[in-house]
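Quick note: the coordinates plus some simple rules give every number you see, no bench work behind them. Keep in mind it's a predicted model, so treat the numbers as computed, not measured. Here the Cβ is made from the backbone with ideal geometry for all residues, glycine too, and neighbour counts use every protein chain on show.
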Amino acid sequence: MDAGVGVDALRDDLAALSARLGVREGRPADAVDGIVPCLVVSPTSTADVAAAVARAAASGSAVVARGAGTKLDWGRPPERVDLLVDLSAMDRVLEHAVGDFVVRVEAGATLDRLGTLLAAAGQRLPVEQVVPGSTVGGVVATGLSGPSRHLDGAVRDVLIGLTVVRADGVVARSGSKVVKNVAGYDLAKLFAGSYGTLGIVTEATFRLRPLARARQVVTCDLSGEGVLAVALSALRANQIAASAVEIDRVGASEPIRLAVLLEGDEEPLEARVAATVAALGHATGLAAIRSAPTVPTWWAQVPGPVTTKLSCAPADVPDLVRDLATWAARHDRPLVVRGAAADGVLFAGCPATTEPSAVGALLEVGRARCATTGGGAVLLRAPVATKAGLDTWGPVRGLDLMRRVKQSFDPGRILAPGRFVGGI
Amino acid sequence: MSAARALDAVRAALERDLAPGALVTDRAELGTYECDGLAHLATVPALVVLARDAGEVRQAVAACASQGVPFVARGAGTGLSGGAVPVADGVLVVTAKMRRILEVDVDNERCVVEPGVANLDITRACATDGYYYAPDPSSQQVCSIGGNVAENSGGAHCLKHGFTTNHVTGLDLVTPDGEIVGLGGKALDSPGYDLVGAIVGSEGTLGVVTSVTVRLSRSPEAVYTLLAGFPDTDTAGAAVTAIVGAGLVPSAIEMMDELAIVAAEAAVDCHYPDGAGAVLIVELDGPRADVEAGVAAVERCCVQAGALELRHARDDAERAQLWRGRKSAFAAVGRISPDYIVQDGVVPRTALPEVLRAIGSLSAAAGIRVANVFHAGDGNLHPLVLFDARVDGQLDGAEKLSHAILDLCLEHGGSITGEHGVGLDKRGSMGAMFTPEDLDTMQMLRCAFDPHGICNPGKVFPTPRLCGEQPGRRGAAHPLVSAGLAELY
Amino acid sequence: MAQKITSRAARAAAGGAGVGSSRRGSPAGGRPLDELVQDCVHCGFCLPSCPTYVLTGEEADSPRGRIHLVGQVLAGTPIAGSPQLHLDRCLSCMACMTACPSGVRYDEIVELARRRVEDHGVRSPGDRLRRSAIFALFPHPRRLRAARAVLVLADRSGLRRLLRRLLRHPAVARHVPATVRTLDALAPALTPVESLPALLPGAEPRRGRVGLLTGCVQSVLFSGVNVATARVLAAEGFDVVVPADQGCCGALSGHAGRHREAAEMARRTIDCFSAAQVDTVVVNAAGCGSAMKEYARLLRDDPGYAHLAAELAARTRDLSEFLVASGTRAPRGRLDVTVAYHDACHLAHAQGIRGAPRTLLAEIPGLELREIAEPDLCCGSAGVYNLLEVETARELGLRKAAHVAATGADVLVAANPGCLMQIRASAGPQALAMTYSHIAEVLDASLRAAGHEHTA
């Protein structure tokens, strides 16, 4: 869009709409992965968002939404950002049906705040905050799940309803307030992880779980990938119904730290902990298997600052960990590998100074292991210069169909253009 | 080209390309495919393709696409919303012969199957390895996994274990233009849009699934089933509230009211507790220690709520016995009534007592009996509206009552369908649950897959959306297009 | 998750039939075909239980599809053509009735429909000839005996061996109808005919007086089974009456829709056993037992016989159900064998009897019982089905024989001669590794092992 005339017209348009929108010029601090937006609005309702987007659509202005801005530099940089929609003021919990274990919340609410509120009623959203300060909208848009995904599912599995503002500024709802619902298409699945390219999520309805009454974490240090494979196999065989199975490893030859979270009632929990310790001990031959009521310090934190997400077939995890260790040794980088080892979703973090070519090699190594089973190695976060020269998203199955979906939802290509796969 | 000539062209192409016996043209045989499990919605298709593999599905769809002939997919034909009702001048693509289990991968906890595989057969294939396939619709012995994918089927145990969409990690799809696309796989979190998630529950309107990769679940260490008899649904409901409030997550909580119990007794002699106005079946699964503690807690909740009688299943045979009545409930009402309508609606669990009372009032006012069977844990109701079609006005009255129950569900913030889908049957109610904008947005997805509207047309949405550019919405040509740097599809 | 086999055994032990055990309507039936067809709510639960659907996956080969075709015929579609084809292909195994949660009377529907096929169907001259020949032979014990005599002669003279070699020659095989080849394959090794007395007194203290149906194929090709049956019943204290003038019970004809023929045979059987003055008529062939239990329905429109038919049907019992209901008291001797028990469709599905045979086998010390996979799937014998629908029967036979072989058992036990013949014929060379026995023969062997002999 022609920066001069267009922006002024849009600004005036938005200002005329409502003083509430708080339209202002974009500042360097507002940058979306290096792109400073022309304008910023701070709506306080879905209707506001809709009106703003409608105006933007009319002038073909590119729109990006922001919650707390913690993942604005994930994905690829947008081609342009004419309008940044700041949803941080839309942070209300609209409805918490305690008896039904359902909560409807605005996209700008932080997971932290939501968690506190739900805990007061003995409930929780089984999606941990793995990036500090994350908002509901951001977590939905990036499809970012935490350790609880092992037992309770990923973000897309607990999302039962959405309110979105379309690229043409129309408000649409999908799903429902009840967990059991198959009326119409499950657009929540489509929007989760779509990086704001199909619409702006303003409200989300989630299915909740009760807060665990007691928890114990069984931990041990595994000397290598072979032992990891044996340990994971033993956990599967022993029907322990773990809430989460996570690993953490720094570098190429450090031990792999395994942590198994068990939750439930106190007394039965003891028996399960004992069974888990016994199973792991028996399988790995290790003696030093500990249990504690708290999670390790590295728990539920996405490593970085250069962050790659790797998803592979579950049984390939030990091999993937080995591949990454080989990379770390070859490039002499302190690579942190962390994530849901039983589910095959890991995050790898390395320093910002890692050479782009090394990062590229990491992606290649990851894709060799992950892509054939439908997974991938995606460079989520890196310095702009690093990202610029690399295929950050990697091979994508069904890309043509995805482009058609994008074309249908956003024919004008105004929603976060260029942030997503295949140039979407 | 006229519809008839287009069909002739498709018929000729398929006669030439498909293996002998794959094309059904005999009028009487075509008639047997006119409906699914919802017998009153029926249309005889012009052609039926009994596809043996993905290649034949693709050929059938491609032939249809080239001539603009509509097609509908069908698995075992056990659906309850008319989703597999054919189009008269169209082709029915049947996947019932595609019954191979392609791979059981225990290490990865995945199973890859053809769409005609029966739901229960997946569990049978991995049971000896200590795994099972969790979503368990009551028709699981016959319903196909392809159909489950289309409807996002649930089952009694979805309370804890989720629906089909939580257990499908990949699929192959024949798109409405006749291409095969592989989406997802054994790994989770495939990069890009979650098209697999969008396709599950799309009721066969986005293409024909020819392979499904499902997630297998580790068999629980212990399974325990209890049956509790209560004086009425209110006390039973109070027990459910207590159980849920205690932070327990049973794998299933089912309830049957008095009339449903009477029907079940007539059908299968389940010997449910005497004098019970409602019966609860609660099942717990998981680590043995947890289950044992859970059973004690459930017992307490039931007793405190006023249970008349409690029964425990000590082994598989007893467990089957407790479930027998519940599992036969739908068909069982056929023994106390010549005709019946099975309804499927959802209300928030906490609204159940009120809604049941309201259904009772509506039933009394209409003079038409309603037996209630439902998934008490998640508010998914299955009112069985009983009538005698031979009596003047009863069919009409029953349909009205059935519809009124759906309205009731929506009034309480629920859904018009929890499991059976919209299909043909509830198209007309979509407008009551969603705004035109909501429906329009959903159809944007449909347009991306099926711009020509030939894939299971007439299902789910009351009015089709015109695909392609919306007049008046586009601004000037996109700068990137003018600059020759991008193309529009 | 428990193994399927365990829960099957549990269910069998509980003696109950499946969900569809309480059938709609009275045993005498009487509702018109259009009403019977309306009972079907199209749920599809019958599909996975139906052998033809299991093989082909085609709706018209399922009970639901066949009911739909019958509905179409009632609405005016000519029965000749695909309705007839698919009705012919039905095995009448009644597995669908066990599976049906709505209690649809598929047995009545298919029988009434088959009568229509007999009346209005169109058959090729070859097919008509085949059927005439089969029904001229099998339901007539005397003719069967004559045929048997010819077979014996052919065996002894080496002619049969020669013919077999000839039949195997591709040039010849092409021209020989499949039915003939199947007949040859099915026919068992011919043992000398054992004869039965008119009355075999029961051991003291006497508990009752029963009549024994000797059957057609059973009495001519497996006379030993009848003798064993009589011995077992006598050992348990029952006088066994074997009326000499009994003929065919009409099962084959009835199930094929040849109504007049079946009714004729039923009347003769009723006359015969009414005159015999017995408390119970014991039947050791599953197909016959189920047919006799349905006499009330078969003859409900016959004012002279309706009452007698119902009365006799009510007194008819399968051998194993009778023994278990009476309680066995004769000492069992040890038999150190592994036994695979095959549920004949007309016993398990049509009569709902699964537990009793297993109970009886379990009473034999040293006998290890093994379950066969896919126990509810028909072996393909289905009366004379394997002579009429050769290809389908062959596929089912092979499938069943493979499952039987997989048990590794020494003996295959069934309560129906047809099943035993079919499975043995389908097992090919592997048949030599197994013994094929009727349950009566096993019981008899056990009693004799206990030293309890009852001279005929």
Within 10 Å of the Cβ of an average residue in C:55-64, the count of other chain Cβ atoms is 6
For the residue B:395, residue A:120 Cβ pair and Förster radius 45 Å, calculated FRET efficiency rounded to 0.05 is 0.30
Along the dipole axis of the protein assembly as shown (charges at Cβ: +1 for Lys and Arg, -1 for Asp and Glu; origin at the Cα centre), the most positive-end residue among B:368, A:18, B:329 is B:329
For the pair residue C:448 and residue C:168, the simple spin-label estimate (label points 7 Å beyond Cα toward Cβ) gives in nm 3.3
Residues of the stretch B:88-115 with backbone N under 16 Å of the label point set 7 Å from the Cα of residue B:25 along Cα→Cβ are B:90-92
Listed by chain and number, the lysines with an alpha carbon less than 18 angstrom from that of residue B:426, same-chain partners under 8 positions apart left out, are A:180, B:400, B:459
Descending packing, highest mean Cβ count within 10 Å first, for C:202-214, C:344-356 is C:344-356, C:202-214
Taking Cα atoms only, helix B:394-411 is inclined relative to the longest principal axis of chain B by an angle, in degrees rounded to 10, of 90
For residue A:278, placing the label point 7 angstrom along Cα-to-beta-carbon and taking the stretch B:287-310, residues whose amide nitrogen sits under 19 Å are B:287-293
So, over other residues within a Cβ distance under 11 Å of residue B:333, counting Lys, Arg +1 and Asp, Glu -1, the net charge is +1
As straight-line cross-link partners of residue A:309, the qualifying lysines (C-alpha separation under 25 Å, not fewer than 8 residues apart within one chain) are A:71, A:189, A:387, A:406, B:186
Quick note, the protein assembly as shown: a/c under 1.5 would make it rounded; otherwise a/b > b/c is prolate and the rest oblate (a ≥ b ≥ c, C-alpha gyration tensor); here it is prolate
Quick calc: nm separation of the 7 Å Cα→Cβ label points for residue A:221 and residue C:148 -> 8.5
Under 5 Å from the placed amide H of residue C:369, counting only residues 5+ away or on other chains, we find C:339
Cα extents of chain C per principal axis, largest first, Å, are 64, 54, 54
Dividing the mean separation of Cα pairs under 8 Å (6+ apart) by the residue count of chain C yields a relative contact order in percent of 17
Given all pairs of distinct Cα atoms, the stretch B:357-441 yields a Kirkwood Rh in Å of 13.9
Shielding of B:145-154 by other chains, given as the mean Cβ count within 10 Å, works out to 1
Ranked on Cβ counts within 10 Å of their own Cβ, fewest leading, A:53, A:164 go A:53, A:164
Here the cysteines of chain B without any disulfide-compatible Cβ partner under 4.7 Å are B:35, B:64, B:111, B:126, B:143, B:158, B:270, B:301, B:302, B:409, B:455
Answer in debye to the nearest 20: the dipole magnitude of the stretch B:175-252 about its Cα centre, from +1 Lys/Arg and -1 Asp/Glu charges placed on Cβ, is 320
Expressed in angstrom, Rg and Dmax over the Cα atoms of the stretch B:171-247 are 20.8, 58
Nearest 10, in degrees from 0 to 90: the angle of helix B:233-245 to the longest Cα principal axis of chain B is 80
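Take peptides B:187-198, B:161-172 and line them up by average Cβ neighbours within 10 Å, highest first, as a rough protection proxy.
Ranked by mean Cβ neighbours within 10 Å, highest first: B:187-198, B:161-172.
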Here the whole-number average of other chain Cβ atoms within 10 Å per Cβ of A:151-158 is 3
The simple spin-label model distance between residue A:9 and residue C:373, using points 7 Å out along Cα→Cβ, in nm, is 7.2
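If you rank A:185, B:132, A:195 by fewest surrounding Cβ atoms within 10 Å, what's the result?
Least crowded to most crowded, the residues run B:132, A:195, A:185.
What are the semi-axes of the equivalent ellipsoid of the stretch B:222-411, taken as the square roots of 5 times the eigenvalues of the Cα gyration tensor, listed largest first and rounded to whole Å? The partial results should precede the final answer.
Numbers: eigenvalues 174, 65, 33 Å².
Working from the Cα gyration tensor, I get semi-axes of 30, 18, 13 Å.
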Per-residue Cβ contact counts at 10 Å, fewest first, order A:338, C:300 as C:300, A:338
With +1 on the Cβ of every Lys and Arg and -1 on the Cβ of every Asp and Glu, the dipole magnitude of chain A about its Cα centre, in debye rounded to the nearest 20, is 440
Output ordering of A:84-90, B:146-152 (per-residue mean of other Cβ within 10 Å, highest first) is B:146-152, A:84-90
Taking Cα pairs closer than 8 Å and at least 6 residues apart, the relative contact order of chain B in percent is 14
